[in-house]
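In what follows, a structure is listed as structure tokens, so that the remarks can point back to it.
Every number in this text was worked out from the coordinates using simple rules, so none of it is lab data. Fair warning: this is a prediction, and the values are worked out from it, not measured in the lab. FYI the Cβ positions are ideal-geometry reconstructions off the backbone, even for glycines, and counts take in every protein chain you see.
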Amino acid sequence: MSVLAAQKAANGGPGATERVPLLEVHDLAKRFPIVKGLFSRVSGQVHAVDGVSFHIHPGETLGLVGESGCGKSTVGRTLLKLLEPSAGTIRVAGDDITALDAKAMLPYRKRLQMIYQDPYASLNPRMSAGQIVGEPLIIHGVGRQQEQRERVASLFERVGLRPELMGAFPHEFSGGQRQRIGIARALALNPELIVGDEPVSALDVSIQAQIINLLMDLQDEYKLSYLLVAHDLAVIEHISHRIAVMYLGRIVEMTDKASLFAMPLHPYSEALLSAVPIPRASARRRQRVILKGDVPSPINPPPGCHFHTRCPYAHARCGSERPTLREVVPRHWAACHLHDAGPALPLARPLTPA
Amino acid sequence: MGRVVGEVGGGKSGPGAGGALLEIDDLKTYFFTPTGIVKAVDGVSYSVRSGETLGVVGESGCGKSVTALSILRLVADPPGRIVGGTIRLEGRNLLDLGQQQMEAIRGNEISMVFQEPMTSLNPLYTVGHQVGEAIALHQGLPKRPAMAKAVEMLRRVSIPEPEQRAQSFPHQLSGGMRQRVMIAMALSCNPKVLIADEPTTALDVTIQAQILELMRELQQAYGMAVVLITHDMGVVAENADRVVVMYAGRKVEEADVEVLFERPAHPYTRGLLHSIPHLDEAGKTGPRLRLNEIKGMVPSLAQLPAGCSFAPRCGQASDRCRVSAPPLQEHWPGHWVACWHASRRAQGEP
């Protein structure tokens, strides 16, 4: 059974209310050319995203986790077609949007929105907060001026900002408030899916909690789907229904969050989970896996399994043959040769300290 | 790092504890700006002993980094100035020293590792040259032996092929490797105190685990005191022996690491610990729980509220909190809290 068909059969994660995925991404790839010299000769390619497939159901949150350079942000941008995909297909509620031009994309842009990491860099400093939140309404010609103003005021209230602040400029807000403006802008057109690219990582801990709660409340209220891209596993764990772990352009493991944390099937997920510091005094006595070396360059990714250069369990086959993402145990996908002859589970150990 | 088992609450903690290598007492560092006096550090005391790791936690603007810069007297003047307190290294007050004497302390006896290794390294020189230069400067070694020692230091921080890596420029190294170079440089003169200001914040978690493990090993080998400044409660829980929590320029709580995480007493510490998503609660899924929020935001240091600075965000604040600032008191042995309501709260109460 192919990954996609198997995922379809699995009917998505908790919170899925319908059987048709809102978003389906199949074998998505994004390569960036490396140009050199006077005549911009293409001398190589960065394989940022290298054949990624997943789906998201209405009302569901998929967390995409991985370290810097693994391609997780590029996945988010490519599926919104802010970057042109190099290969693969993107479907929104069954419609293939992969080849659509900017004009044909317009109705889909209403349905797919984005929240950025740095709320300061993503807000125009010369526009007032009200203009920023109202701009999507103007671009898409939604409502008359008075209606737009009322809509912006109600969005302000919904994200926890006082509507009197509509005239203030981005620099007059704190980091958490700016992220609320970014969220209000993303909500303006009643989207179905929001891609959040590290939406809380620039915020202080006490403000992070406020924004995470807001995102979860909005999801319940509007049945939003989220693709949340983040490097912080604790945040991803808290907010997601399902989690996909990426390493060097590929998804290496994907399942519901309980299965991932109870029983990681991919050695990289296992190492990632054990590397996250836990804010408990008892955590210092736990066993951990410390990986050797650095993430290889996506310009020259290693052959076979991308992780084999750092994998404590690597064997000969891993250096030559790419493992496919397959359903190792029901509803739990992993791309690892260790499980070629059925699940090999001494690998997994519980995360909680003994 | 180099943790001492079985010494919990043994009366060793807190301001003025005996045997301290570095001791800061009532430090005040203010910034004189056109919009008013910013009290970045306002009466902070802490101490650290040989072989011990002191974690200093707090959110941006709480004064944790300015305290560290004050120790090395690296605060830009103007606008900043140390206006009060003492900083004693083995009994000697660093604030009494002249510039030249201070230069002999920096790098030799107290070293610092910063968050962003790329901005701390010179892009125009090889990393071997930079580590060697530090050694030549501080230890008065000629160039060739200094370079040889630089390569040796790169080997000690587990940089593979140190002879070749010494010829690399900073941009040719990964973030984790650059931070190893910074640590090699900081440790090259066998400092007594290492101040690490968010040393792993810019790194990925698997690399962070490598660097923290390396720092633990080196601390065990050299027996230095480490001041670990971070916003990450997980990093503190796993690496510190004792923890200082700062808020708005003041220390609000100090305790041994087990006590702080099991029985936090200041409402701010409790709020912080409850507001972060915990990984080890996975498995118990079901409905996603809302996180505990700390309402509002950190006050501006130029316009601090009267009384306790945390009172406007505190669910337990009373009239007294809004009028007068609570002193830091040892409510339980080795457990210091600046809160009017700390003693009313029995330890262990959720």
### Query
Quick one: B:Glu52, B:Glu198, fewest Cβ neighbours within 10 Å first, how do they rank?
B:Glu198, B:Glu52
### Karplus-derived HN-Hα couplings along the range B:139-147 (A = 6.51, B = -1.76, C = 1.60, θ = phi - 60°), whole Hz, x at Gly and Pro
10, x, 7, x, 4, 5, x, 5, 5
### Message
I need A:Arg144, A:Arg109 ordered by Cβ neighbour count within 10 Å, fewest first.
### Response
A:Arg144, A:Arg109
### Task
Return the whole-Å distance between the Cα centroid of the range A:128-152 and the Cα centroid of the range A:12-87.
30 Å
### Summary
For the range A:118-194, the Cα-Cα pair-distance distribution in 5 Å bins from 0, as whole percents, is 3, 18, 32, 26, 15, 5, 0
### Query
According to the square roots a ≥ b ≥ c of the eigenvalues of the Cα gyration tensor, what is the shape class of the range B:169-239, taking rounded for a/c under 1.5, prolate for a/b larger than b/c otherwise, and oblate for the remainder?
oblate
#### Entry: Calculated diffusion of the range A:172-228, Stokes-Einstein form, Kirkwood radius summed over Cα pairs, 37 °C and 0.692 mPa s, µm²/s
282 µm²/s
## Note on the structure
Each label sits 7 Å from Cα toward the beta-carbon; between A:Glu221 and B:Arg320 the label points are separated, in nm, by 4.0 nm
### Cα centre as origin, Lys/Arg/Asp/Glu Cβ charges: the range B:36-133 dipole, Debye
200 debye
### Query
With each run of n ≥ 4 DSSP H residues scored as -39500 (n - 2.57), what mean residue ellipticity at 222 nm is computed for chain A after dividing by its residue count and rounding to the nearest 500 deg cm²/dmol?
-8500 deg cm²/dmol
### Query
Once you list every other residue whose beta carbon is under 12 Å from the beta carbon of A:Val295, what net charge do they have if Lys and Arg are +1 and Asp and Glu are -1?
-1
### Query
Among B:Ser45, B:Ser70, which comes first, second and so on when ranked by fewest other beta-carbon atoms within 10 Å?
B:Ser45, B:Ser70
### Task
Name the shape class, rounded, prolate or oblate, that the alpha-carbon gyration tensor gives for the range B:25-112, where a ≥ b ≥ c are the square roots of its eigenvalues, rounded holds for a/c under 1.5, and otherwise prolate holds if a/b is larger than b/c and oblate otherwise.
oblate
### Query
Based on Cα positions only, what radius of gyration and what Dmax would you give for the range B:52-156, in angstroms?
16.1, 44
### the range A:13-171 - Debye-derived log10 I(q)/I(0), Cα point model, q = 0.11, 0.14, 0.16 Å⁻¹
-0.62, -0.94, -1.11
### Query
Taking R0 as 41 Å, what's the FRET efficiency between A:Asp27 and B:Glu161 from their Cβ-Cβ distance, rounded to 0.05?
0.60
### Summary
quick note, the protein assembly as shown, DSSP beta bridge pairs, % antiparallel (nearest 5) is 65 percent
### At R0 = 41 Å, FRET efficiency that the Cβ-Cβ distance of A:Arg126 and A:Arg322 yields, to 0.05
0.25
### Task
Counting only DSSP beta bridges with both residues in chain A, tell me the antiparallel percent, nearest 5.
65 percent
## Note on the structure
Of the candidates B:Ile183, B:Gln219, B:Ala240, the farthest towards the positive dipole end of the range B:165-269 (Lys/Arg Cβ +1, Asp/Glu Cβ -1, centred on the Cα centre) is B:Ile183
### Message
How many angstrom lie between the Cα centre of the range A:242-283 and the Cα centre of the range B:127-201?
### Response
33 Å
### Message
Only four residue types carry charge here, +1 at the Cβ of Lys and Arg and -1 at the Cβ of Asp and Glu. Report the dipole size of the range A:135-181 about the Cα centre in Debye, rounded to the nearest 20.
### Response
100 debye
### Query
Based on DSSP H runs of at least 4 residues, each adding -39500 (n - 2.57), what is the mean residue ellipticity at 222 nm of chain B after dividing by all its residues, to the nearest 500 deg cm²/dmol?
-8500 deg cm²/dmol
### Message
Tell me which of A:Ala271, A:Thr255, A:His231 sits at the most positive position along the dipole axis of the range A:225-272, charges placed on C-beta atoms (Lys, Arg +1; Asp, Glu -1).
### Response
A:Thr255
### Charge dipole (debye, nearest 20) of the range B:82-148; +1 at Cβ of Lys and Arg, -1 at Cβ of Asp and Glu
160 debye
### Task
Give me the distance in nm between label points sitting 7 Å out from Cα along the Cα-to-Cβ direction at B:Asp77 and A:Gln45, one decimal.
6.0 nm
### Task
Measure of size requested: the Rg and Dmax of the protein assembly as shown, with Cα atoms as the atom set and Å as the unit; please supply both.
26.5, 77
